[in-house]
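Enquirer: I am attaching a structure below and will ask some questions about it afterwards.
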Amino acid sequence: MKRSICSAVALLCLLACVARAGIGSHNAMYVGGTATTIKEGTEGKSSTADEKAFTFVSKHGNLTIPYERMNTLEYGQKAGRRVGLAIAVSPIALLSKKRKHFLTVSYLDDSEKQQAVVLELGKDVVRTTLASLEARSGRKIEYQDEEARKSSKGN
């Protein structure tokens, strides 16, 4: 009885650690850039709902980028093996890949200075965010490679 309770508690702790390993599928994370109001690694929500500006909102700061001031939009991915999960749970996890989705937005601030931000997007908001940014900014998404292009289009 004690053994099964200990096993269950250990499994719950392990799952909690694995769950925190990445951003939520509907969230975004500020990876870096020239914005000084947000700390790197801050998780929040990105939104294209506003007709005038793209927003990133978090508990630790907000970022608003007017669509008309955007210069370039770039999308890329990074695929990696699930090594931590394989060590903790099962070596079979090494057979699966985890993709990270990155959006880089270059824009002019109010002082006409060039700025850039890099956001990691959750997998469930990538396609809608990219399509909305293209439509609202009038800029085409630049893709880092053909794999990123296919992934963003759902092919």
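Since every read-out is calculated from the coordinates, none of them should be taken as a lab result. If you're wondering where the values come from, they're calculated on a predicted model, not measured in any experiment. A quick note on method: Cβ atoms are made from the backbone with ideal geometry, for glycine too, and the neighbour counts reach across all protein chains shown.
Enquirer: Between residue 123 and residue 45, what length comes free when the chain is fully extended (0.36 nm per residue of separation minus the Cα-Cα distance, one decimal in nm)?
Expert: In short, 26.8 nm is gained.
Enquirer: For each of 38, 65, count neighbouring Cβ atoms within 10 Å of the residue's Cβ, then give the residues from fewest to most.
Expert: Details: 38 18, 65 21.
In order of increasing Cβ crowding within 10 Å: 38, 65.
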